[in-house]
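Each remark here refers to the structure printed beneath this line.
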Amino acid sequence: MTFFETVASMLDAQVPALAADLGMSVPELHSRMATHLDTMAKEWRAQRTPSIAYEDPICRLAYIFGHVPINANLFYHALVEPYVDLLAQGLFSSLGESIRSHAEKVGRLRLCAFGGGPGTELIALSKYLSKNPISRAHFDLEFLLLDEVREWAESWEAMKEAIYDNFSLDAPRPFSISGLVLPFDMTDLAQYSTMNQVFRRDLYVFNHVVSEVFDPAKLERLANVVAVLRQKAAANASFVFLDRNDDQTRTAVAGILGVAGLTQVHESKVGGSMDGDEQKEVLAEHIAGIGRRPRVQWRVGPNGNRAAFFVLAH
Ligand SMILES: C[S@@+](CC[C@H](N)C(=O)[O-])C[C@H]1O[C@@H](n2cnc3c(N)ncnc32)[C@H](O)[C@@H]1O
C-alpha cells in the first residue's frame, strides 16, 4: 500500500458521494476543495491560531487530499529511521522496531494520536505494519484520537475502510483496526480525569498539532497535560512530536518536553521529497479537478533549513 493509493481510494468513493449528498457536481466540489486548500495555506502562514473549517466535510476532504500523505510519510520516517545512538546503547534500532517487538509480545498496539482525526497516523502505521508484518495470528491496532473536531470520526472510519480495501480478500486481515475519537480540546486537563484509557497507551503521537496551538496560555496547558501523561503512562511509553521546522514550533515542543520531564532520545530534520514509492499520479483526476497538487516535498531553504522535524522522547 502507499499513502497516495489509500487516499485515492478514499477520495474516489467520498468525493462523488459527498457531491451527491450536497446536491452539487463533482467539479463544483473539487473547486470548493481548492478554496479550502488556499485558505488553509493562508491560515498556517498567519502567525496566529489558524482558523480552519475542519467541521466542513469539503474542508476535511481537501485536507486529506493535500496534506495527509506527506504528514503520514513524516511519521513513517520516524518509524523506520535507524536510531544509531540508541542501538549503540543496546536499546532498539528504530521506533518501529521497538513498538513491533512490543506488539509481538502482547498482540496489540495502543496509540494516542493528538489531533489525529484525519487518520494520518493510522495510514502511516498501517503501511509500516504491512511492510513489517506481525507474526501473531491476531493483532489489534487500537487508536485513541484526541481531536476537538468530532466530525473527523467519519473521515477516520472512511480511511480505515480504504486501508482494509488494500488487504487481500482471500486471506485473514493482517491486523484489525479500532479507533475512538474523544472530541475535546486536548489542552483542557479537566477533560482527562475520567479518561483512564488515555494513560494506557504505548505511543503518543503529536503530528502537526503543536503548530496549531499559538496561544501561550494554551501551550502551557498542553505542556501540563503531557506532564500528567508522562507521570501516569507506562515508563516505556514513547512520545513523538512531528511538525514544521520553524523556530516557534521547535520552541513550543522543547517547552513541552521540559515541563513534562520528558527526555529527548532522538531528533531528525526532514527535507526533500516523499519516499520514491509514493506517486501522487494516482490522484490525477482529483489533481486535475481541484487544480492544485498535494504536498510532496519538505522544502529545504536557502540556508539548508529543512521544512519538518521529529523528536522522540521518553
Ligand atoms: C494540521 S491537523 C494535523 C492532523 C494530523 N495529525 C496530520 O498530521 O495530518 C491538526 C489537527 O489538530 C486538531 N486540533 C488542533 N487544536 C486542537 C486542540 N486544542 N484540541 C484537539 N484537537 C486539536 C485539529 O482539529 C486537526 O485535526
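Selection of the stretch 104-156 for residues being part of a loop (DSSP other than H, G, I, E, B), of a type outside the set (A, V, I, L, M, F, W, C) and within 12 Å of the ligand (Cβ to nearest atom) yields 115, 116, 117, 118, 119, 147, 148, 150, 151. In the set (1) among the hydroxyl-bearing types (Ser, Thr, Tyr); (2) within 15 Å of the ligand (Cβ to nearest atom); (3) modelled with pLDDT under 95, residue 93 fails one condition alone, (2). Tallying residues that are in a loop (DSSP other than H, G, I, E, B) and surrounded by 15 or more Cβ atoms within 10 Å (Cβ to Cβ) within the stretch 25-53 yields 3.
Please find, within the stretch 211-220, the residue that is nearest to residue 95 (Cα to Cα) out of those that are near the ligand (Cβ under 9 Å from one of its atoms) and outside any loop (DSSP other than H, G, I, E, B).
Taking the stretch 211-220 as the starting set, the residues that turn out to be near the ligand (Cβ under 9 Å from one of its atoms) are 211-213, 218.
Now drop any that are not outside any loop (DSSP other than H, G, I, E, B), which leaves 211-212, 218.
Values: 211: 23, 212: 25, 218: 29 Å.
Checking each candidate, the answer is 211.
Only one of 230, 250, 201 is touching a Lys or Arg at 6+ places or on another chain (Cβ under 8 Å), within 25 Å of residue 77 (Cβ to Cβ) and not hydroxyl-bearing (Ser, Thr, Tyr); which? Walk me through it before giving the result.
On the way: 230 fails: touching a Lys or Arg at 6+ places or on another chain (Cβ under 8 Å); 250 fails: touching a Lys or Arg at 6+ places or on another chain (Cβ under 8 Å).
Being touching a Lys or Arg at 6+ places or on another chain (Cβ under 8 Å), within 25 Å of residue 77 (Cβ to Cβ) and not hydroxyl-bearing (Ser, Thr, Tyr) holds for just one of 230, 250, 201, which is 201.
Kindly evaluate residue 78 against the criterion of being away from the ligand (no atom under 16 Å from the Cβ) and either in a helix (DSSP H, G or I) or β-branched (Val, Ile, Thr) (or both). Here the answer is no, as residue 78 does not meet what is asked.
Take the residues of the stretch 164-203 that are more than 16 Å from the ligand (Cβ to nearest atom) and in contact (Cβ under 8 Å) with a residue 40 or more places away in the chain: which is nearest to residue 119 (Cα to Cα)?
Just the residues of the stretch 164-203 that are more than 16 Å from the ligand (Cβ to nearest atom), to begin with: 164-178, 193-194, 196-197, 199-200, 202.
Filter once more, so that each one left must be in contact (Cβ under 8 Å) with a residue 40 or more places away in the chain: 165-166, 174-175, 177, 197, 200, 202.
Details: 165: 15, 166: 15, 174: 18, 175: 16, 177: 11, 197: 19, 200: 20, 202: 18 Å.
Here the residue is 177.
Answer yes if at least one residue in the stretch 58-66 is assigned to a helix (DSSP H, G or I), away from the ligand (no atom under 16 Å from the Cβ), among the aliphatic types (A, V, I, L, M) and crowded, with 17+ Cβ neighbours inside 10 Å, and no otherwise.
no
The values are calculated or read from the model by the stated rules, or taken from the named source; none is laboratory data. Being a predicted model, the structure only gives us computed values, none of them experimental. Ideal geometry is used to build each Cβ from the backbone, glycine not excepted, and the neighbour counts take in all protein chains shown.
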